[in-house]
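Report on the following structure.
The values are calculated or read from the model by the stated rules, or taken from the named source; none is laboratory data. Keep in mind the model is a prediction, meaning the values are calculated, not measured. FYI the Cβ positions are ideal-geometry reconstructions off the backbone, even for glycines, and counts take in every protein chain you see. Protein only, heavy atoms only, side chains kept; ligands, DNA and RNA dropped before computing areas. Shrake-Rupley method; radii C 1.70, N 1.55, O 1.52, S 1.80 Å.
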Amino acid sequence: MEQKRVAIIGSTGSIGKQTLEVIEHHKNKFSVEVLTANKQADLLIEQALKFDPNAVVIADKSQYIKVKEALSKTDIKVFAGQESIEDIVQMETIDIVLMALVGFAGLKPTLKAIEAGSPIALSNKETLVVAGELVTRLAQENNVPIIPVDSEHSAIFQCLAGEYYSPIEKIILTASGGPFRGKNKDELKKVTPEQALRHPNWTMGKKVTIDSATLMNKGLEVIEARWLFGLDAKKIETVVHPQSAIHSFVEFEDGSLKAQLGLADMRLPIQYALSYPERLKSNFPKFNIYDYPSFTFEKPDFEVFKCLNLAYQALEKGGNIPTIMNAANEIAVESFLEGRISFLDIAQKIEMAMNKYNFIAKPDVNNYFETDKEVREELSSLLLKK
Ligand code: MN3
């Protein structure tokens, strides 16, 4: 494998940092071409000095001078602003873009990277949730591979290697169940953000950790899978598997079931997405089957964890409904973290939004952005601190 030049969009977040760990382990295979950060200028500077990229972007313009000065003794180019992230993904020297932004913010740079023809290792699931039809169609037209980083989708992607002509009966996405597995509605009424942030198996950013507690994360992943693998919603199931050892299953029409197993360590799917179609030797801790004397499986509780249900409904209705659902979820999660709404309110706010805003059956690119903006602005003024 020739050395790949990697652009990490969102390098100071959880996935971005783990991507740099992978690259550090495989310096002969990968080099860092671009790093971008939203606000964390100090960490961006530290990463830039260590990995010597061609260019960095700090989205927060007020920190441009700070970054520029800190890197003045290097030949690293420094840019600022959201627009610069959209421009930089089109740089010709990029071999693969690792898209690690969180939320709707990932959509525009992903569309720009597709336009430029860069392969994309996609960690940002919301991009496919809000505009999956558009993103996958453009990727196909531009011949751009989208390689999943999300562990469940990476598992399915790995199970499908070499199965190009094999008809799929269904895929089964595994879910850990989060910190509130087995709880009823009464018990969930008063849970705090601190409790919701205590995920049993995975260490992740705040947004996805809360999404895991509500099971919205699994709902988003169902929609993500629909677009990545071109499957009907009826062929996408979810199962609660508290050990988080099996990262997902594919069942073929002949009845054969394939699964991918590994530790709950995002560095493995990140590395696979970067090295695909090759596999690289890894120095990270490895899975030991004797640490897992039993695997258990439970049906998810769609009544208590209503968000999962809402996601299936959004997928079925299609159009801009998933966009509405996603925007409402992002604001509701933020509001819950601010202590302004309760845990169970999250699903309620999302459901209200899904019923309230105008349905557009066949959205164009502007409709997606307008829908997101409308929902986000209105709910922010209602649910967030001023
Ligand atoms: Mn996942």
Open item on the list: Under 5 Å between amide hydrogens, which residues at least 5 positions from residue 238 or on another chain qualify, with H placed 1.01 Å from N in the peptide plane?
Closed with: 173
- [ ] Report the label-to-label distance for residue 280 and residue 82 in nanometres (one decimal), using points 7 Å from each Cα along the Cα→Cβ vector.
- [x] 3.3
- [ ] State the number of lysine pairs found in the range 317-386 whose Cα atoms come within less than 28 Å, restricting to pairs 8 or more positions apart or on distinct chains.
- [x] 14
Task: Net charge over other residues, Cβ less than 10 angstrom from the Cβ of residue 380 (K, R count +1; D, E count -1) - done: -1
Task: For the chain, calculated [θ]222 nm from helices alone, where every DSSP H run of n ≥ 4 adds -39500 (n - 2.57) - done: -13500 deg cm²/dmol
TODO: Please list, in chain and number order, the residues 5+ apart from residue 31 or on another chain whose amide H is under 5 Å from its amide H, with Hs placed from the backbone.
DONE: 4, 5, 6
Task: Among 281-287, 91-97, the order from most to least packed when residues are scored by Cβ within 10 Å on average - done: 91-97, 281-287
Task: From phi via Karplus (6.51, -1.76, 1.60), per-residue ³J(HN,Hα) for the range 120-135 in Hz, x at Gly/Pro - done: 10, 8, 9, 9, 7, 6, 4, 3, 7, 5, 7, 9, x, 4, 5, 4
Open item on the list: Apply the Karplus curve 6.51 cos²θ - 1.76 cosθ + 1.60, θ = phi - 60°, to the phi angles in the range 294-305 and return the couplings in whole Hz, x for Gly and Pro.
Closed with: 8, 10, 10, 9, 9, 6, x, 8, 5, 6, 6, 9
Task: Gain in span if fully extended, residue 288 to residue 25, counting 0.36 nm per residue against the direct Cα distance - done: 92.5 nm
Task: Set of aspartates and glutamates with alpha-carbon distance to residue 73 below 14 Å, sequence-local pairs under 8 removed - done: 46, 52
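With every protein chain left in place, what is the accessible area per residue of the chain in square angstrom, probe 1.4 Å?
Numbers: 17590 Å² over 386 residues.
Accessible surface, normalised per residue, equals 46 Å².
Percent relative contact order of the chain, based on C-alpha pairs within less than 8 angstrom and at least six residues apart?
So the answer I get is 15 percent.
Quick one: length gained pulling residue 295 to residue 234 fully straight, 0.36 nm per residue minus the C-alpha distance? Can you show the working numbers first?
Working: separation 61, 0.36 × 61 = 21.96 nm, distance 2.50 nm.
Gain on stretching residue 295 to residue 234: 19.5 nm.
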TODO: Considering only 321, 114, 65, give the residue with the highest GNM mean-square fluctuation for the chain, with springs between Cα atoms whenever their separation is below 10 Å.
DONE: 65
- [ ] Straight distance only, please: which lysines reach the Cα of residue 299 with their own Cα at less than 18 Å, same-chain residues fewer than 8 apart left out?
- [x] 170, 183, 185, 218, 234, 235
Task: For the range 1-69 versus the range 211-225, the gap between their alpha-carbon centres in whole angstrom - done: 28
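Over the range 142-248, what relative contact order in percent results from Cα pairs under 8 Å that are six or more residues apart? All intermediate terms of the calculation are to be shown ahead of the outcome.
Numbers: 110 pairs, mean separation 43.9, N = 107.
Dividing the mean separation by the residue count of the range 142-248 yields 41 percent.
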Open item on the list: Using a Gaussian network model on the chain with a 10 Å cutoff between Cα atoms, which of 217, 320, 143 fluctuates the most?
Closed with: 143
Open item on the list: Could you compute the net charge surrounding residue 13? Neighbours are other residues with a C-beta less than 12 Å from the C-beta of residue 13; K and R count +1, D and E count -1.
Closed with: +4
Task: Neighbourhood charge, 15 Å Cβ-Cβ cut-off, centred on residue 175 and excluding it, Lys, Arg +1 and Asp, Glu -1 - done: -2
